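The values are calculated or read from the model by the stated rules, or taken from the named source; none is laboratory data. This is a predicted model, so every value here is computed, not measured. Neighbour counts are summed over all protein chains in view; Cβ atoms, including those assigned to glycine, are modelled from backbone coordinates with ideal geometry. Side chains are part of the model used for accessible areas, which takes the heavy atoms of the whole protein and leaves out ligands, DNA and RNA. Shrake-Rupley method; radii C 1.70, N 1.55, O 1.52, S 1.80 Å.
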Amino acid sequence: MHKGFLIIAAVLGALAVTLGAFGAHKLKELVPPETVGTFQTGVTYQFYHTFALLAVGILFSQLPAGTSLLEWAGRCFIIGILLFSGSLYLLTMLKATETVGLSKIGIITPIGGLFFIAGWICLILALLKK
């Protein structure tokens, strides 16, 4: 198993639960409903890819032939969470604080999505390589 990926997945999972609870209970007092939806999308995708990262960590010991691809899959999932979900959290914070001038930060979100796709492709290739 890849202990580092498993630890990071556990931390990201705990963070997703915390952020999800914040989004469900407190955030709606601070921002409009569509912004809560944006935040919730970040939490949802963080959860999906936290589970993907857990799978990568577990598969690491089962697929020695595909370890390089699995390593890249894990890295891509982590980067995707940071860019995709992180940018949505940042956009929500900017909306909540009524900060202007940083609305272009949303361009980072699709880049994070591309990392998610790359992670899934690496995972597929690692599985096919066995």
In whole Å, what are the extents of the range 59-101 along the principal axes defined by its C-alpha atoms, from largest to smallest? 50, 15, 6
Surface/4 of the Cα convex hull for the range 1-57, nm²: 3.5 nm²
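Run the accessible area of the range 17-64 with a 1.4 Å probe and give the carbon-and-sulfur part as a rounded percent. Kindly include the intermediate steps, with their values, before the conclusion.
Values: 1770 of 2570 Å².
Carbon and sulfur: 69 percent of the exposed surface of the range 17-64.
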Most fluctuating residue of Leu83, Leu53, Leu114 in a GNM of the chain with Cα springs under 10 Å: which is it? Leu114
Just the accessible area per residue of the chain, please: how many Å² with a 1.4 Å probe? 56 Å²
Which one of Ala73, Ala52, Ala21 has the biggest mean-square fluctuation once the chain is modelled by GNM with Cα springs under 10 Å? Ala21
Please enumerate, by chain and number, the lysines with C-alpha under 27 Å from the C-alpha of Lys3, excluding those fewer than 8 residues away in the same chain. Lys129, Lys130
Put +1 on the Cβ of every Lys and Arg and -1 on every Asp and Glu Cβ in the chain; which of Ala14, Val43, Phe77 then has its Cα farthest towards the positive end of the dipole? Phe77
From the helices alone, meaning DSSP H stretches of at least four residues, give me the mean residue ellipticity at 222 nm for the chain, per-run term -39500 (n - 2.57), in deg cm²/dmol to the nearest 500. -25500 deg cm²/dmol
Hydrodynamic radius by Kirkwood, which averages 1/r over all alpha carbon pairs of the chain, in angstrom: 15.2 Å
What ranking of His2, His49, His25 comes out by heavy-atom accessible area, probe 1.4 Å, highest first? His25, His2, His49
Listed residues Phe115, Phe22, Phe77; largest mean-square fluctuation, Gaussian network over the chain with Cα springs below 10 Å, found at Phe22
To the nearest 10 Å², what's Ile58's accessible area with a 1.4 Å probe? 90 Å²
Could you tally the net charge around Leu19, taking each other residue with its Cβ under 15 Å from the Cβ of Leu19, Lys/Arg +1 and Asp/Glu -1? +2
Size of the dipole of the chain about the Cα centre, Lys and Arg at +1 and Asp and Glu at -1 on the beta carbon, nothing else charged, in debye to 20? 260 debye
List the lysines whose alpha-carbon lies under 16 Å from that of Lys104, not counting same-chain residues fewer than 8 positions away? Lys95
